[in-house]
Amino acid sequence: MAADAAPAIDSGDTAWMLISIALVLMMTIPGLGLFYAGMVRRKNVLATLMQSFALCCILSVVWMVAGYSLAFTTGSAWIGDFSRVLLNGIGAHIHNGADVPFVLGADSPNASTMTIPESIFMLFQMTFAIITPALIAGAYAERMKFSAMCVFSILWSLLVYAPVAHWVWSPMGWLAGLGTADFAGGTVVHINAGVAGLVCALVLGRRRGYGHEDLSPFNLTYAVIGASLLWVGWFGFNAGSSLGAGGRAGMAMVTTQVAAAGAGISWMLMEWMRAGKPTVLGIISGAVGGLVAITPAAGFVLPGSALLIGLITGVVCYWSATSLKHLLGYDDSLDAFGVHGVGGIVGALLTGVLAYGPLSATDSNPTGIVGSMHQLMIQAEAVGVTIVWCAVVSFILLKIVDGVIGLRVTPDQELEGLDTSLHGEQINL
């Protein structure tokens, strides 16, 4: 009887979220796997694909067991509780095969009732928890031990990703309470992953032969296919973050497309002017940078602002992935920090400048989130806190893992290639 009396789930919203889940999962397998695998050397292609696939398996279980509970239960302003460990109670409202709408932050002053069941909300958020640690792999590609990657990613998911997700996206989160605008993961996903990647690159050190041997990509065709899958999947990432099939989802899809296109163009033009030729690697990197930067802004800005975000991000990410990296001398193998970290920072800050109030307006907040100096300061605080927390905890975790099982493969293993030395397989061409 209680289920019959509850508000009805919206079938259109539910259908869109099921599609979004599939799209975001596609971003990791096969999208990110192919994107990264196409940019490493042939002897490391299978190991790179293995990283994305294995992390998808491992982090699905981690999220189901504890990550979701820590991120999205009420708990405190800093972390959730353990009430949903092993998804305890997630099926309590199901009656004759029907569920009730999910209430985010139930029993809290900021509770928000959605039009989808909790199982779908949990699974959608799982796809984010999967791809974020997988993005970090771009920074330590071709030199981290597989065992170390598994252990580090599990710990990082629970101690870095889950807390930041709670701060920003839980109604009880302290950054949410400040008014942080992060529609689909500028801080939670991209700054988090990018900063962790930079710390990994610094702790692990450069690849063997960096700066004086040919480390060029094995097969950019793989990378183009991967980038294309990422672009398509990003519609689920951003438009899906509306958690419904309404006008805000439609606008998020438009802004995602425009920003990616703008960043691809601006990176291509910068490279064309500076190096004399536009490259395939450049334009796909620029488009991904634009997708990263629009992620926090997708549901807060209009198309014109999205184009501006894309154009700016393409230039800044090009500079960070080329000039900044070489100036500081770190080996961010596949530019996880240069694209995701820097792109996430640019997007999060520009959200505070360009946000259009009516897109986020509600009955309780009729003005919505509006671009202003005040909002820019809120965004800057969220960016700064995320950078500091992620950098410090990631460094500590890396040192612990290094001390217990070691982080880096041996020089001989690195020379032979991770496909053979770690997995006993190789590409035969």
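The values are calculated or read from the model by the stated rules, or taken from the named source; none is laboratory data. Every value quoted in this text rests on a predicted model; they were computed, and no experiment measured them. Using ideal geometry, Cβ is built from the backbone for each residue, glycine included, and neighbour counts are taken over all protein chains shown. The protein model used for the area step is the full one, side chains on, heavy atoms only, and it has no ligands, DNA or RNA in it. Shrake-Rupley method; radii C 1.70, N 1.55, O 1.52, S 1.80 Å.
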### Query
Using r as the Cβ-Cβ distance of HIS326 and SER228, and R0 as 35 Å, what FRET efficiency do you calculate, to the nearest 0.05?
0.80
### Task
Might you report the magnitude of the Cβ-based charge dipole of the chain about its Cα centre, with Lys and Arg at +1 and Asp and Glu at -1, to the nearest 20 debye?
860
### Message
Tell me the net charge near PRO101. Cut-off is 10 Å between Cβ atoms, PRO101 excluded, with +1 for each Lys or Arg and -1 for each Asp or Glu.
### Response
-4
### Task
Sort all Cα-Cα distances of segment 16-136 into consecutive 10 angstrom bins from zero, then give the percent of pairs in each bin up to the one containing the longest distance.
13, 37, 30, 15, 5, 0
#### Entry: Estimated dipole of segment 47-193 in Debye, rounded to 20 [Cβ of Lys and Arg +1, of Asp and Glu -1, Cα centre]
360
### Message
Using Cα-Cα distances under 8 Å and only pairs 6 or more residues apart, what relative contact order does segment 145-271 have, in percent?
### Response
15
### Query
Taking +1 at the Cβ of each Lys and Arg and -1 at the Cβ of each Asp and Glu, which of ALA391, GLY97, LEU123 sits farthest along the dipole of the chain towards its positive end, judged by Cα position relative to the Cα centre?
ALA391
### Query
Tilt of helix 118-140 relative to the longest C-alpha principal axis of the chain, in degrees (0 to 90, nearest 10)?
20
## Note on the structure
Here the gain from full extension of THR420 to VAL388, 0.36 nm per residue of separation minus their alpha-carbon distance, amounts to 7.8 nm
### Query
So, with a 1.4 angstrom probe, what is the percent of accessible area on the chain that is carbon and sulfur?
68
#### Entry: Residues of segment 1-75: accessible area per residue with a 1.4 Å probe, Å²
37
### Message
Compute the angle between helix 11-26 and the longest alpha-carbon principal axis of the chain, please, reported from 0 to 90 degrees and rounded to the nearest 10.
### Response
10
### Query
From a point 7 Å beyond the Cα of SER372 in the direction of its Cβ, which residues of segment 168-200 have a backbone N at a distance under 20 Å?
175-183
### Task
Calculate, for segment 129-267, the solvent-accessible area per residue in square angstrom, rolling a 1.4 angstrom probe over the heavy atoms of the protein chains.
27
### Message
Can you tell me the orientation of helix 146-156 relative to the chain, as the angle in degrees between its alpha-carbon axis and the longest Cα principal axis, to the nearest 10?
### Response
30
### Message
Quick check: residue separation of LEU215 and ALA54 times 0.36 nm, minus the Cα distance between them. What number comes out in nm?
### Response
55.5 nm
### Task
Alpha carbons only, please: Rg and Dmax for segment 41-83, in angstrom.
15.7, 47
### Query
For segment 279-429, what is the relative contact order in percent, using Cα pairs closer than 8 Å and at least 6 residues apart in sequence?
19
### Query
Normalised by the number of residues in the chain, what is the relative contact order in percent for Cα pairs under 8 Å and 6+ residues apart?
22
### Cα centre as origin, Lys/Arg/Asp/Glu Cβ charges: segment 111-258 dipole, Debye
240
### Query
Using just the C-alpha positions of the chain as equal point scatterers, what log10 of I(q)/I(0) does the Debye formula give at each q in 0.06, 0.07, 0.08, 0.12 1/Å?
-0.23, -0.31, -0.41, -0.93
